[in-house]
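Here's the structure, in structure tokens; my notes come after.
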Amino acid sequence: MTTRTKRRFGFKRWVLLGLMILGGWLAIGVQGIFTPISPAVILPAEPFLPGLKLFPGTAFETTFSNSMASLSLAIVLLLILVFFVVQPFIRRRQDVPSGFYNFVEMLIEYFWNTTQNAAGKHARRIFPFVMTIFLFVLTANMVKLLPIHETIGYLEPAHGNLTGYDTAKLFNLGATPVITLDGSHETKSSERTAEEHAVSEGEEHAVCEHDCFVVPFFRGVATDLNFTFSLALITMVMVQVFGFSALGFGYLTKFFNFRTIIDKPFFGLMDTIVGVLELISELAKVLSFGLRLFGTIFAGTLLLGILGVLVPVLIPGFLYGLETFVGLIQAYVFAALAMTFMSQATVSHHSDEHAEH
Amino acid sequence: MNDPVVFLQAMRYIGAGLAVIGVAGAGAGIGIVVGGAVQGMARNPDMAGTIQTNMILGIAFSEAVAIYALAVALIILFV
């Protein structure tokens, strides 16, 4: 082992370099199925399979979207980690923890310490929520970086501003043909005629052969506004809940502050206006929470897609590194901000002022 | 100008470009945040951990403004 590491030019790096050159040559030099295709950017999530519905026939009928599929993947991964990796460690009662358990313990200890510094005696109630958000968003962001995301899917005829591609059949998987897009035969949206469009819409259930794009089976969870905004709404509602449970109905004086308006008319009025502003900022926090997570992750997906077309070699590797970092930071920021807001809500505005003076 | 579809598309690109100007402010903000944090860390290396945590939070706050601009641009372009 030691002699091998001393050798300056190992074998593996030449394999790596060869693969990189091969990839570059296939992507740029050869026209055909290896030519990178520009990503089909669609803001709302698409259905996992065409026409797949959850709870069909009831009032709760919803489309099972590809972001929900990715979400299920993240939840399953998280459950596997909890029950098959972390739980056995706890059951074995080892004195010296090792491996992945150490990592989880480090994360939890770090968040526990920060929560306790910020929230004090309320930390025990706030901490589980914060930690759940962190682990959930982190797993979702990491799952989003798996190569199955935004690559494998079913074909749909291109519409709107999307660029369509011709298809090329690779092989049969059982009875299902495995088809790839031919990057060298593209149809720009401006070249598409109305007549052609009508034809492709007519044969909806036939396999698309010309002017197609891929609707992926899996799509990053945070690239769906529904996920980020529901998380943001849950968080802000829980902030109010923690505020109420800590301060009782006195919590409402944060928003509707008429206490001082009789003693000191001018500053009392100011306090009232500040309370209204506080109410507005509470709503703005929902917007900021939701858009921050969505924006960074969606922009990351776009960046990977577009730069992957422009520079198909070397750069995407670094971008994946960057995206890993961004996913971690966004999960941390979401959890840390939730923690900050919750611990702020548990502190009475007035008693704090009196304590300072 | 004669083709309304092309005109709309052109206006979309212009609008998205204008929306992304807002990113400039966030760039300046992040620069100020990191500058202050690095100065603090240089003067008081013991507090580096705490300062770094708060710095990342501050960056996230000012970055959020850039993200709004970006989200607006993306929505203009792709919806």
Condition met for A:Ile273 (exposed (fewer than 15 other Cβ atoms within 10 Å of the Cβ), under 33 Å from the mean Cα position of the chain (by Cα) and of a type outside the set (Ser, Thr, Tyr)): no
Of (1) touching a residue at least 24 places away in the same chain (Cβ under 8 Å); (2) under 35 Å from the mean Cα position of the chain (by Cα), A:Gly250 fails just (2)
Those residues that are more than 9 Å from chain A (Cβ to nearest Cβ), within 20 Å of A:Asn113 (Cα to Cα) and free of Cβ contacts under 8 Å to residues at least 24 places away in the same chain, I need them from segment B:32-79; list them, please. B:Asp46, B:Met47, B:Ala48, B:Gly49, B:Thr50, B:Ile51, B:Gln52, B:Asn54, B:Met55
Check on A:Leu319, touching a residue at least 12 places away in the same chain (Cβ under 8 Å), more than 13 Å from every other protein chain (Cβ to nearest Cβ), loosely packed, with under 12 Cβ neighbours inside 10 Å and touching a Gly at 6+ places or on another chain (Cβ under 9 Å): no
Residue pairs qualifying under the 8 Å Cβ cut-off, at least six apart or on distinct chains, with the first in segment B:1-30 being within 12 Å of chain A (Cβ to nearest Cβ) and the second being charged (D, E, K, R) and surrounded by 13 or more Cβ atoms within 10 Å (Cβ to Cβ), are B:Ala26/B:Glu63
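Would you confirm whether any residue within segment A:304-314 is within 11 Å of another protein chain (Cβ to nearest Cβ), under 34 Å from the mean Cα position of the chain (by Cα) and either in a helix (DSSP H, G or I) or closer than 27 Å to A:Phe127 by Cβ (or both)?
No, every residue in segment A:304-314 fails to be within 11 Å of another protein chain (Cβ to nearest Cβ), under 34 Å from the mean Cα position of the chain (by Cα) and either in a helix (DSSP H, G or I) or closer than 27 Å to A:Phe127 by Cβ (or both).
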Those residues of segment A:157-200 which are among the small types (Gly, Ala, Ser) and at pLDDT below 75, in sequence order: A:Gly160, A:Gly174, A:Ala175, A:Gly183, A:Ser184, A:Ser189, A:Ser190, A:Ala194, A:Ala198, A:Ser200
Which is closer than 23 Å to B:Phe61 by Cα, of a type in the set (Phe, Trp, Tyr) and in a helix (DSSP H, G or I), of A:Phe267, A:Phe298? A:Phe298
Mind checking whether some residue in segment A:109-130 is charged (D, E, K, R), in a helix (DSSP H, G or I) and within 29 Å of A:Asn226 (Cβ to Cβ)? yes
Residues located in segment B:24-64, provided they are under 30 Å from B:Ala10 (Cα atoms) and either touching a strand residue (DSSP E or B) at 6+ places or on another chain (Cβ under 8 Å) or surrounded by fewer than 17 Cβ atoms within 10 Å (Cβ to Cβ) (or both): B:Ala24, B:Gly25, B:Gly27, B:Ala28
Listed residues A:Thr260, A:Thr272, A:Thr340; which is more than 12 Å from chain B (Cβ to nearest Cβ) and assigned to a helix (DSSP H, G or I)? A:Thr272
Among the residues that make up segment A:284-297, is at least one of them in contact with a Gly (Cβ under 8 Å, 6 or more places away or on another chain) and either touching a residue at least 24 places away in the same chain (Cβ under 8 Å) or of a type in the set (Phe, Trp, Tyr) (or both)? yes
Here are some residues: A:Leu54, A:Leu77. Which one is touching a Ser or Thr at 6+ places or on another chain (Cβ under 7 Å) and modelled with pLDDT of 80 or more? A:Leu77
Do we find a residue being in contact (Cβ under 8 Å) with a residue 60 or more places away in the chain and assigned to a helix (DSSP H, G or I) anywhere in segment A:34-55? no
Among the residues of segment A:140-186 satisfying the criterion of being among the hydrophobic types (A, V, I, L, M, F, W, C) and assigned to a strand (DSSP E or B), which is nearest to the chain's Cα centre (by Cα)? A:Leu155
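The values are calculated or read from the model by the stated rules, or taken from the named source; none is laboratory data. In this text the structure is predicted, and so the values were computed from the model without any measurement. As a convention, Cβ positions derive from the backbone with ideal geometry for all residues, glycine included, and neighbour counts pool all protein chains shown.
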